[in-house]
Amino acid sequence: MDDPVLLARAQFGLNIGFHIMFPALTIALAWFLVGFRVAYQRTRDKRWLATYKLWLKVFALSFAMGVVSGITMSFQFGTNWPNFMNKVGAIAGPLLAYEVLTAFFLEATFLGIMLFGMNRVPDWVHVVSTFFVAGGTTLSAFWILALNSWMQTPTGQVLDGTQWIAADWLQVIFTPSFPYRMTHMLIASGLTASFVIVGLSAWRLLRAASDESAARTLRAGLLVAAILAPVQLFVGDQHGLNTLEHQPAKIASMEALWHTTREMPLVLIAIPNEAERRNDYAIEIPYAGSLILKHSIEGEVKGVEAFEPDRPPVAPLFFAFRVMVGLGMLMIALSWYGSWATRKGRSAPRWLLWAFSAATFSGWIATLSGWLVTEIGRQPWLVTGILRTKDAAGEATGAQLGSSLTFYLLTYAGLFVAYMVVLTHMAGKGAES
Amino acid sequence: MNEILPLVFFVVMGIAVLAYVVLDGYDLGVGMLMPAATEDEQSIMVASIGPFWDANETWLVLGVGVLLSAFPHAHGIVLGALYMPVVAMLVGLMLRGVAFELRMKAHGWHRGLWNWLFWVGSFSASFFQGTMLGYYITGFESGVGYFLFSLMVGASLCGGYVLLGATWLIYKTEGALRAKALAWARWGLLWVALGVALVSLATPAVSATVREKWFDFPRTLWLMLLPAATVAIGARLWFLTRALEKSNAGRDLMPYGLAVAIFTLAFLGLAYSLYPYVVIDRMTIWQAATHPSGLKVLFIGAVIVLPFIVGYTILSYRIFGGKVRERLYD
């Protein structure tokens with residue numbers, strides 16, 4: 001482990017992986033808060049206020065985790081990938097700066113009013129502040145996903161000397177993969193937040209079965225999840241077809257398809273064998289691969305061999321993709337069955353509450369898996385066809401990267417444990433006590 | 001236009017950094033002062049920065065964001081050379097931010113632990129920001145002398161933040177805590193005076209470029225207005241804190257204003273020392289700037305959005321203006 005590029009990737013990956021968990025939760029949780037706040041405004045039911053305050057605390061804590069890990073990222077662009085900014089800074093820079101300008105200040109300032117201003121501002125200002133924070137988190141996602149999509153499927157740029165610059169900003173922002181990625185990520189956030197709400201409410205109900213606020217947030221979360229989960233299945237399929245068109249090597253690796261094939265089977269599970277270019281212990285469904293990817297049994301799908309040597313590794317993509325899809329299916333099952341079991345004010349059986357609690361972080365794990373697929377799937381490129389990852393790394397030595405990686409790892413581990421302890425503690429106490 | 005825009009963004013970056021220093025400076029300073037207060041006072045101190053610290057920290061992101069997006073060629077050099085202090089500072093900021101949230105939800109020895117981490121985070125973030133500045137001014141030279149110089153700047157910046165934190169508390173608090181803050185402010189002021197004097201003397205000694213810019217008669221005479229004004233404001237602040245011990249005539253915001261003025265003057269001196277370099281002796285503003293097409297897009301965004309940011313920041317400070325009386329979270 002003294003390869004600087006690998007260490008730079010490990011460090012950046014650790015950081016961005018840790019960071020993304022919190023926006024993935026807060027983007028949609030902010031909209032739940034808008035819902036709770038508006039419900040209180042309309043009904044004047046104190047229980048909605050208690051619910052709002054509880055989840056506002058969860059939001060504030062998660063937001064703080066996101067802010068501090070996000071600041072780290074703004075520095076690591078320069079420390080880990082200096083040539084990224086040298087080469088494509090004229091495109092990536094403005095997108096990142098627009099995120100800071102349009103979203104970060106908005107979120108941070110109005111979060112202060114949300115948290116501490118309820119007795120100091122008129123009701124409508126407080127409702128609008130909640131709305132601004134939610135709008136800010138979504139706007140932030142817009143810019144960062146525009147940049148990521150441009151790195152995946154770049155359009156609208158021209159080479160000027162040694163730098164890539166934007167020829168057409170609309171094309172840079174609205175690249176072919178952007179609408180799919182944006183929709184997929186927003187729904188992923190919706191599912192992440194729903195399952196955190198469902199899971200923690202269930203955790204509370206296991207301790208206090210009569211907590212009406214918890215029963216109500218449980219139902220609200222289940223309803224949102226039951227609507228979003230199947231939509232996500234459809235959006236994910238469309239995103240996959242879009243990837244097949246623009247980044248076919250990624251799809252080949254995700255499906256562990258080594259050789260270009262007609263009548264491609266769908267590999268359900270296997271152990272991809274890089275050395276021998278085949279799958280061991282594969283369980284497959286005949287024709288299903290062609291059917292899903294080409295919507296025809298005869299459709300030809302290009303295999304990994306067609307893209308050598310510029311293709312991502314197979315095993316991580318293959319497994320991460322299956323974790324994501326598997327969890328997606330589980331979320332559909334849980335949210336549908338849960339909605340049915342709690343219909344018309346019925347209370348969920350204890351075993352189901354345990355299942356919900358166990359699934360609290362299913363959205364997180366699925367989102368992280370999805371990002372692993374799309375980011376590792378872009379390798380060996382940092383910006384597809386424009387800049388290779390190894391050419392973007394800087395002069396930071398293995399020793400510097402190694403020691404700071406250890407430093408970050410310890411900090412993140414400590415923060416994560418503390419976060420989890422507090423989160424479960426707050427949820428266990430409930431909204432009204 | 002292509003000549004002016006890099007300069008415009010150099011100014012924008014400067015303003016963002018100065019805004020960061022005087023705003024996050026006071027909440028980091030309050031964090032450093034925590035161990036000197038009683039448990040009750042600590043709650044008030046934390047409440048005085050609660051609505052603001054998050055947005056204050058965002059100015060750092062804007063400063064680094066402008067460095068990253070407008071001067072990408074310098075971003076890698078600067079942050080690469082400052083690698084380890086940057087990591088240490090970031091870990092400090094992380095501990096501070098998270099400890100702030102968690103200490104409010106903790107009880108017993110847990111709260112003690114988070115209080116301690118809040119202090120450690122505030123202190124190390126401040127100290128390492130100072131060492132970053134120290135290395136930056138000297139053009140990232142290595143050697144024992146430069147190392148000691150950067151430690152000195154680190155310690156001085158801690159003093160500066162303590163001054164900002166103490167003057168902020170004069171504005172936000174009452175009674176015994178305000179009286180303590182007045183004394184803390186004088187300690188901070190002495191510390192800053194010592195730090196600024198040492199740094200001002202040492203900088204020309206370690207950097208020939210800076211020496212030539214300041215010791216060039218007759219320009220030197222005009223430039224001496226800057227330290228003279230700093231000394232005058234420092235003296236005014238000292239006597240004001242004495243006077244405020246006896247009276248409470250609605251002048252409690254003034255010490256913070258004077259502290260900001262001291263920082264602004266020091267900042268102007270620094271900017272003069274550096275100009276036209278982004279990386280001293282190595283890279284000018286124009287060499288570091290991104291492609292003009294990128295700058296134009298940034299400029300449009302900044303012109304449209306920055307007034308809104310300033311507007312709602314002022315709104316937030318108005319909403320949460322005056323003395324702190326309530327605790328956080330009801």
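Read-outs: derived from the displayed coordinates by stated rules, not from any lab. Given the structure is predicted, the values throughout are model-derived calculations rather than measurements. Ideal geometry is used to build each Cβ from the backbone, glycine not excepted, and the neighbour counts take in all protein chains shown.
Give, rounded to the nearest 20 debye, the magnitude of the charge dipole that region A:20-131 has about its Cα centre when Lys and Arg contribute +1 at Cβ and Asp and Glu contribute -1 at Cβ.
440
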Taking the reciprocal of mean 1/r across every pair of different Cα atoms in the protein assembly as shown, the Kirkwood radius in Å is 27.7
Rounded, prolate or oblate: which fits region A:233-371, taking a ≥ b ≥ c as square roots of the Cα gyration tensor eigenvalues, rounded meaning a/c under 1.5, else prolate when a/b beats b/c?
prolate
What order, most packed first, do the peptides B:89-96, B:106-113, B:300-307 have when packing is the mean number of other Cβ atoms within 10 Å of each residue?
B:89-96, B:300-307, B:106-113
Which angle from 0 to 90°, rounded to the nearest 10, does the C-alpha axis of helix A:314-341 make with the longest principal axis of chain A?
30
Cut-off 18 Å, label 7 Å out along Cα→Cβ of residue A:160, residues of region B:1-34 by amide N:
B:1-10
Distant-in-sequence amide H partners of residue A:279 (H built 1.01 Å from N, under 5 Å)
A:273
In chain A, lysine pairs with alpha-carbon atoms under 22 angstrom apart (chain gap of 8 or more, or interchain):
10
Cβ neighbours within 10 Å from other chains - mean over A:56-69
4
For A:250, A:302, which order do you get if you count the other beta carbons within 10 Å of each Cβ and list the fewest first?
A:302, A:250
The simple spin-label model distance between residue B:247 and residue B:325, using points 7 Å out along Cα→Cβ, in nm, is 2.4
Relative exposure of A:337, B:26, B:136, B:256, judged by other C-beta atoms within 10 Å (fewest first):
A:337, B:136, B:256, B:26
Of the residues B:137, A:419, B:290, the Cα lying farthest along the dipole of the protein assembly as shown towards its positive end, which is defined by charges on the beta carbon of Lys, Arg, Asp and Glu, belongs to A:419
Ordered by fewest other Cβ atoms within 10 Å, a rough proxy for footprinting exposure, A:356, B:263 read B:263, A:356
PRE reach from residue A:207 (point 7 Å along Cα→Cβ): which of region B:105-131 fall under 15 Å by backbone N?
B:105-107
Distance in nm between label sites at residue B:109 and residue B:282, each 7 Å beyond Cα in the beta-carbon direction?
4.7
Burial-style ranking of A:85-98, A:228-241, average other-beta-carbon count within 10 Å with highest first, yields A:85-98, A:228-241
Any chance you could run the full-extension gain for residue A:168 through residue A:315? It's 0.36 nm times the residue separation minus the Cα-Cα distance, nm to one decimal.
49.2 nm
What number in nm² do you get for region A:142-289 if you take the convex hull of its Cα atoms and divide its surface by four?
13.9
Just round it to a whole percent: the fraction of Cα-Cα distances in region A:1-116 exceeding 23 Å.
44
Which one, A:254, A:215, A:307, projects farthest toward the positive side of the charge dipole computed for region A:206-340 from Cβ point charges (K/R +1, D/E -1)?
A:215
Once normalised by the length of region B:1-84, the mean sequence separation of its alpha carbon contacts under 8 Å that are 6 or more apart gives a contact order in percent of 43
Viscosity 1.002 mPa s, 20 °C: Kirkwood-radius Stokes-Einstein D of region B:137-210 over Cα pairs, µm²/s:
158
Between region A:254-297 and region A:158-210, what's the alpha-carbon centroid distance in Å?
29
Quick check: the distance between the Cα centres of region A:369-427 and region B:17-84, to the nearest angstrom?
23
If each DSSP helix of 4+ residues adds -39,500 (n - 2.57) and the sum is divided by the residues in chain A, what number results at 222 nm, nearest 500 deg cm²/dmol?
-24500 deg cm²/dmol
Within a 10 angstrom radius of each residue's Cβ in B:269-282, how many Cβ atoms of other chains show up on average? Whole number is fine.
0
With a cut-off of 8 Å between alpha carbons and a minimum separation of six or more residues, what is the relative contact order of region B:209-288 in percent?
33
Angle between the Cα long axis of helix B:292-319 and the longest principal axis of chain B, 0 to 90 degrees, nearest 10?
20
What FRET efficiency comes out for the pair residue B:140/residue A:262, r = Cβ-Cβ distance, R0 = 60 Å, nearest 0.05?
0.50
Quick one: which residues, 5 or more positions from residue A:269 or on another chain, have an amide H under 5 Å from its amide H? H modelled 1.01 Å from N in the peptide plane, none for Pro or chain starts.
A:283
Please state, to two decimals, what the Cα-based radius of gyration of region A:123-229 comes to when divided by 2.2 N^0.38 Å (N = residues).
1.54
Which three lengths, in whole Å and largest first, does region B:272-312 cover when its Cα atoms are put on their principal axes?
38, 25, 10
Solvent-free Debye scattering, log10 I(q)/I(0), computed from the Cα coordinates of region A:267-316 at q = 0.14, 0.15, 0.19, 0.21 Å⁻¹:
-0.42, -0.49, -0.77, -0.91
Expressed as a whole-number percentage, the relative contact order of region A:253-333 with C-alpha contacts under 8 angstrom and at least six residues apart is 36
MRE, 222 nm, helices only [DSSP H, n ≥ 4, -39500 (n - 2.57), over chain B, to nearest 500]
-28000 deg cm²/dmol
Run the quick spin-label model on residue A:283 and residue A:347: label points 7 Å from Cα toward the beta carbon, then report their separation in nm to one decimal.
3.8
Looking only at other chains, what is the average number of their beta-carbon atoms within 10 angstrom of each beta-carbon in B:308-320?
4
